[in-house]
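Trainee: Encoded as C-alpha cells, here's the structure I'll be asking about.
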Amino acid sequence: MKKNEFLNPYNFIELPEHKRKQYEDMDRHTGVIEYSVTTKTPLFIPNTSTNKAFKISDEKKFSDPEKAHYSYDFYSYTLLKQNQRYDDVYHQPVIPGSEVRGMIRNLYETLTDSCMSGLTVNEIPNVSGILKEEPVNTIGKLAGEFAPCKNANQICPSCALFGTIGEDITSAAASKLRFADLLPEKMQANAKSYYDNIITLQTLGGPKLENVAFYLKKPYGANFWTYDYYTDKKDKVCRKPGTLRGRKYYWHHQNFNYTEGVEATNLNKTIRPVKSGITFKGKIFFEDISEKQLQELIWIVNGGNTDSTEKKDICYKLGAAKPLGLGSVKCSISRVLERTVCLQDDTIEYKEVNITDRYSSLSYEENGFSNTGRRVFLNMCNYHAVPDSIMISYPREEEQMEDEILEEGYLWFQNNREKTDNKGMKIKQELPPATNVATLKCHRLETQNNKGRSSYGRR
C-alpha cells in the first residue's frame, strides 16, 4: 500500500455536452430475459418491516427514539415483528425486482447519455466560503438538460424505456419493462447458509454536497469554488455557476473484509447481509421495445458480455453500504426469449423464439454507447481495477491510516482548505478523474505539538 495515500470510495462519470433524444426506431419486440445476479462481495437490502431485528448489548442506552440504534435483517417475504428479535431465525433472502430495476436504469442512463432521473432538483447546497450570502443555484439548474425529463414528448432514451412520471399525468410515459423479484438459484432447507454473521457497520452518511472539491469540477485558474462563484489566484470573486462532476459510481473492493468491533451508536446500523458467492435468478419482461433498446439492455444485464474469468470483469453495485465494499454483483443472462405472433391456418399462434446468441457478443462500441464516459465507466465497473496495494477509504489523515475504524472523518476536508495571503481561501486537493485509479494524499501539516503529533491529532 502506498504510504499516506488512499482511494476515495466513489468518483464520477462526466456528463456529455448534450442529452440524447429518444430513439425513433419503429420495430417492436416483446419477450423475457432470464438472468442471474451473483454476489461478488456481501450484499445487503433491508427488510424494513422492523428496525429492531437483532439484540443489542445495551438496549436501554438506545431507548430514546431520537437516539436509537437500528438493526435490520435482509429482505424477505416475511413480515417481521417489531417486538421480536431474529438473531437465530433465518428467512429465504429475496432481491426485490425494484432494486435491480434501479441499478439497471442508472447504468442505462449513463451509457445512453440520458437524464439523471433520481436527481433531487430543488436542493440548494450551502457551502461556507468567501461571500456571506445565501446560495442560489439548485442542483436541477446546474444539471441543465440532464435534470429529470418532464415532458413525454421530449424524453431521453432511458425515460422512453423505463418510463417517467413527468410533471403530471398528461406528461407521463409508461414503462416497457417489468422486473420480477429474484430468488436464490439453489434453494437451501436451512436458510442460514445464505448469510454472513450479524455485523455492525461503520457510520455512513448521505452525500456531502458541500464537499465541492469532490462534487464540482474545478474552474480554470480557481483557488476556491462553490455552486455559485469561484475565486481566482488573486482571490477575485468570479460569479459563475458550478459544473457538476457527473454521475456517481463506486469502486469495487475485490478483497473485501468486514471491519470488526464497531460499536453500536445512534449513527450506524447493525445488519445481516447475504454472503458473497450466492446466485439469485430473476426475469425481466419487455414489451414493444426496439431492437436497439433490446441489445443495449442485454449488454448491461449480461455484465457487458464479459465473464468472471476475464481481467476486465464488468460488475455493478447493488444495495446498501456501497462505500464500505458491500454490494458488488455480477449479472449474467441465461436465456432471452422473444414472443412472436403469427397466423397459421387461420389461427393466431404465439411462439417463443430463443434469441440468446443474437446479441451476446456485441461490444460497447457496437452498441453505440456514450463516448464521453466510456473509459471511466469501464474502469469503475471493472471488478479487478483497484490493486490490493491501494486502500479504499473515505479521506483520512496520516495518523488515521492505521485505524480500522475511521473516526473524525471531517479532518481531511478541514485540512484541505487553507487561507491565502489576501485573506481568501484555497482548496488544496480535488478529486482526481477516474480514468485511472488515482489516489488522494494525506495533508502535510507544518504545525506539530510537543509530542511530534500533527495538529489534527485525536481530540
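Yes or no, residue by residue, for (1) in a strand (DSSP E or B); (2) among the β-branched types (V, I, T); (3) modelled with pLDDT under 70:
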| residue | (1), (2), (3) |
| --- | --- |
| W412 | no, no, no |
| Q429 | no, no, no |
| P432 | no, no, no |
| T435 | no, yes, no |
| H443 | no, no, no |
| E446 | no, no, yes |
| N450 | no, no, yes |
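Trainee: Can I ask one more? Taking region 43-57 as the region of interest, how many residues are over 22 Å from G325 (Cα atoms) and either without any contact (Cβ under 8 Å) to a residue 60 or more places away in the chain or touching a strand residue (DSSP E or B) at 6+ places or on another chain (Cβ under 8 Å) (or both)?
Mentor: 8
Trainee: Let me ask something additional. Can you name the residue in region 5-20 that is of a type outside the set (A, V, I, L, M), under 20 Å from the mean Cα position of the chain (by Cα) and in a loop (DSSP other than H, G, I, E, B) and is also nearest to C149 (Cα to Cα) among such residues?
Mentor: P16
Trainee: Which pairs have Cβ atoms under 6 Å, sit 6 or more apart or on different chains, and link a residue in region 403-423 that is within 18 Å of E260 (Cα to Cα) to one that is among the basic types (K, R)?
Mentor: Within 6 Å, the pairs are L406/R396.
Trainee: Being closer than 18 Å to E366 by Cα, more than 18 Å from the chain's Cα centre (by Cα) and surrounded by fewer than 23 Cβ atoms within 10 Å (Cβ to Cβ) is the requirement here; does E291 meet it?
Mentor: Working: closer than 18 Å to E366 by Cα: yes; more than 18 Å from the chain's Cα centre (by Cα): yes; surrounded by fewer than 23 Cβ atoms within 10 Å (Cβ to Cβ): yes.
Criteria met by E291.
Trainee: Name the residue, out of T340, T306, T356, that is touching a Lys or Arg at 6+ places or on another chain (Cβ under 9 Å), hydroxyl-bearing (S, T, Y), modelled with pLDDT under 95 and within 23 Å of T39 (Cβ to Cβ).
Mentor: When all the criteria are applied, what remains is T306.
Trainee: Within region 13-35, can one find any residue that is touching a Lys or Arg at 6+ places or on another chain (Cβ under 6 Å), closer than 28 Å to Y195 by Cα and in contact (Cβ under 8 Å) with a residue 12 or more places away in the chain?
Mentor: Scanning region 13-35 turns up at least one residue that is touching a Lys or Arg at 6+ places or on another chain (Cβ under 6 Å), closer than 28 Å to Y195 by Cα and in contact (Cβ under 8 Å) with a residue 12 or more places away in the chain.
Trainee: Just to be sure before I move on: is Y86 in a loop (DSSP other than H, G, I, E, B), surrounded by fewer than 17 Cβ atoms within 10 Å (Cβ to Cβ) and either without any contact (Cβ under 8 Å) to a residue 60 or more places away in the chain or on the phi < 0 side of the Ramachandran plot (or both) in the structure I sent? Working first, answer last.
Mentor: Details: in a loop (DSSP other than H, G, I, E, B): yes; surrounded by fewer than 17 Cβ atoms within 10 Å (Cβ to Cβ): no; either without any contact (Cβ under 8 Å) to a residue 60 or more places away in the chain or on the phi < 0 side of the Ramachandran plot (or both): yes.
No; evaluated as a whole, the condition is false for this residue.
Trainee: Residues to consider are G166, G206; find the one that is without any contact (Cβ under 8 Å) to a residue 24 or more places away in the chain and closer than 28 Å to T39 by Cβ.
Mentor: Details: G166 fails: closer than 28 Å to T39 by Cβ.
Answer to the selection: G206.
Trainee: Identify, please: which residue in region 1-20 is out of contact with any helix residue (DSSP H, G or I) (no Cβ under 7 Å at 6 or more places or on another chain) and surrounded by fewer than 15 Cβ atoms within 10 Å (Cβ to Cβ) and is, among those, modelled with the lowest pLDDT?
Mentor: It comes out as M1.
Trainee: What are the residues in region 89-123 that are farther than 30 Å from S71 by Cβ, among the β-branched types (V, I, T) and without any contact (Cβ under 8 Å) to a residue 60 or more places away in the chain, if any?
Mentor: V121
Trainee: I need every pair where a residue in region 366-389 that is over 19 Å from K322 (Cβ atoms) and surrounded by 15 or more Cβ atoms within 10 Å (Cβ to Cβ) has its Cβ under 6 Å from the Cβ of a residue that is of a type in the set (F, W, Y) and modelled with pLDDT of 95 or more, sequence separation at least 6 or different chains.
Mentor: Between residues of region 366-389 that are over 19 Å from K322 (Cβ atoms) and surrounded by 15 or more Cβ atoms within 10 Å (Cβ to Cβ) and residues that are of a type in the set (F, W, Y) and modelled with pLDDT of 95 or more, the close pairs are N367/W299.
Trainee: Another question, if that's okay. Which one is surrounded by the most Cβ atoms within 10 Å (Cβ to Cβ), of the residues in region 268-283 that are among the small types (G, A, S) and under 15 Å from C315 (Cα atoms)? I'd like the intermediate steps shown before the answer.
Mentor: The first filter runs over region 268-283 and keeps only residues among the small types (G, A, S), leaving 276-277, 282.
Those left that are additionally under 15 Å from C315 (Cα atoms): 276-277.
Working: S276: 16, G277: 10.
Among those residues, the one meeting the criterion is S276.
Trainee: Within region 21-35, does at least one residue satisfy the condition of being among the polar types (S, T, N, Q), assigned to a loop (DSSP other than H, G, I, E, B) and surrounded by fewer than 18 Cβ atoms within 10 Å (Cβ to Cβ)? It would help to see each step written out before you state the result.
Mentor: Of region 21-35, the ones among the polar types (S, T, N, Q) are 22, 30.
Adding the requirement that they be assigned to a loop (DSSP other than H, G, I, E, B) leaves 22.
Right, trim to surrounded by fewer than 18 Cβ atoms within 10 Å (Cβ to Cβ) and you get none.
No, region 21-35 contains no residue that is among the polar types (S, T, N, Q), assigned to a loop (DSSP other than H, G, I, E, B) and surrounded by fewer than 18 Cβ atoms within 10 Å (Cβ to Cβ).
Trainee: Among the numbered criteria (1) at pLDDT below 95; (2) in contact with a Phe, Trp or Tyr (Cβ under 7 Å, 6 or more places away or on another chain); (3) of a type in the set (K, R), which single criterion is violated by K60?
Mentor: Checking K60 against (1) at pLDDT below 95; (2) in contact with a Phe, Trp or Tyr (Cβ under 7 Å, 6 or more places away or on another chain); (3) of a type in the set (K, R), the one that fails is (2).
Trainee: Looking at this structure, is K269 in contact with a strand residue (DSSP E or B) (Cβ under 9 Å, 6 or more places away or on another chain), of a type outside the set (V, I, T), under 27 Å from S71 (Cβ atoms) and in contact (Cβ under 8 Å) with a residue 12 or more places away in the chain? Spell out how you get there, then give the answer.
Mentor: Details: in contact with a strand residue (DSSP E or B) (Cβ under 9 Å, 6 or more places away or on another chain): yes; of a type outside the set (V, I, T): yes; under 27 Å from S71 (Cβ atoms): yes; in contact (Cβ under 8 Å) with a residue 12 or more places away in the chain: yes.
Here the answer is yes, as K269 does meet what is asked.
Trainee: Restricting attention to region 347-376, which residues are part of a loop (DSSP other than H, G, I, E, B), farther than 20 Å from K283 by Cα and not polar (S, T, N, Q)?
Mentor: Listed by number, the residues that qualify are L362, Y364, E365, E366, G368, F369, G373.
Trainee: Right, another one. Pairs under 8 Å by beta carbon, first residue on the phi > 0 side of the Ramachandran plot in region 282-302, partner outside any helix (DSSP H, G or I), six or more apart or different chains?
Mentor: Partner pairs satisfying both residue conditions: D288/R28; D288/H29; D288/T30; D288/K176.
Trainee: To continue, here is another question. Being part of a strand (DSSP E or B) and under 21 Å from the mean Cα position of the chain (by Cα) is the filter here; which residues of region 36-53 pass it?
Mentor: Across region 36-53, the qualifying residues are S36, V37, T38, T39, L43, P46.
Trainee: Then there's this: Restricting to region 348-372, count the residues that are touching a strand residue (DSSP E or B) at 6+ places or on another chain (Cβ under 7 Å) and among the charged types (D, E, K, R).
Mentor: Number of matching residues: 3.
Trainee: So, one more: Which residue pairs have Cβ atoms under 6 Å apart, sit 6 or more places apart or on different chains, and have a first residue in region 144-162 that is more than 13 Å from N106 (Cα to Cα) and acidic (D, E) and a second that is modelled with pLDDT of 95 or more and in a loop (DSSP other than H, G, I, E, B)?
Mentor: From residues that are more than 13 Å from N106 (Cα to Cα) and acidic (D, E), the pairs are E145/K19.
Trainee: All but one of (1) at pLDDT below 95; (2) surrounded by 16 or more Cβ atoms within 10 Å (Cβ to Cβ); (3) within 30 Å of K426 (Cβ to Cβ) hold for G205; which doesn't?
Mentor: (2)
Trainee: Given the conditions (1) buried (at least 17 other Cβ atoms within 10 Å of the Cβ); (2) aromatic (F, W, Y); (3) part of a loop (DSSP other than H, G, I, E, B), which single one is not true for Y220?
Mentor: (1)
The values are calculated or read from the model by the stated rules, or taken from the named source; none is laboratory data. This structure is a prediction, so every number in the text was calculated from the model and none was measured. Ideal geometry is used to build each Cβ from the backbone, glycine not excepted, and the neighbour counts take in all protein chains shown.
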